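A short write-up of the structure that comes next.
Throughout, read-outs are computed from the coordinates displayed, never taken from laboratory work. In this text, all values refer to a predicted model and were calculated from it rather than measured experimentally.
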Amino acid sequence: MGRGSTFFVRIATGDLTEVRLIREPLEAIRSTPSRGVPVSVDLHERQILVVDDGDLNRRLIRVILERAGALVDAAENGVIAVEKVSQNQYDAVLMDMQMPVLDGYSATRQLRSEGHSLPIFALTANAMAGDREKCLEAGCSGYISKPVDMDALVSTLHDAFQSEVAEMQTAGV
């Protein structure tokens, strides 16, 4: 115990005098104009819960969704996510599938067994054959692989909300 290896890597970058160094990745994202998210994509006032055990993932996804007009809440594990969904009215959940305490598969199954029908999108780094099916079998509405393509994420949510509106109009609600 207490043993291990330390490695140092040197990369020849050339002259960096004109290169702006980024000290805080989220600040760089906030100050960079959005690329690729269509102006027509508007998640205005949609309540979205982002569930991920990685703080940086939660913060990054929050910045992107808020830039698209969403109202974002966050949870770091499935237990907290189940509690929050039971106490709040969310329009969608983005659920990491690999988390401590209660994983996304179990949290999604629990939410579905409690009668929650809101869209739950799996966020997972698992991209092997069968992973999508495993997420859908757990009750997820869709599957988004990590690293997350933020433009695709916003478009996926927008499309899900548009489908929901169309279904309500067809039903005469």
Discussion item. Quick one: 3J(HN,Hα) in Hz for segment 13-18, Karplus 6.51/-1.76/1.60 with θ = phi - 60°, rounded, Gly and Pro as x.
Written reply: 9, x, 6, 10, 4, 9
Worksheet item: From the backbone phi of segment 69-77, what are the Karplus-calculated ³J(HN,Hα) couplings (6.51 cos²θ - 1.76 cosθ + 1.60, θ = phi - 60°) in whole Hz, Gly and Pro given as x?
Response: x, 7, 9, 10, 10, 9, 9, 9, 7
Worksheet item: Relative to the present Cα-Cα distance, how much length would full extension add between A12 and K146 at 0.36 nm per residue of separation?
Response: 45.3 nm
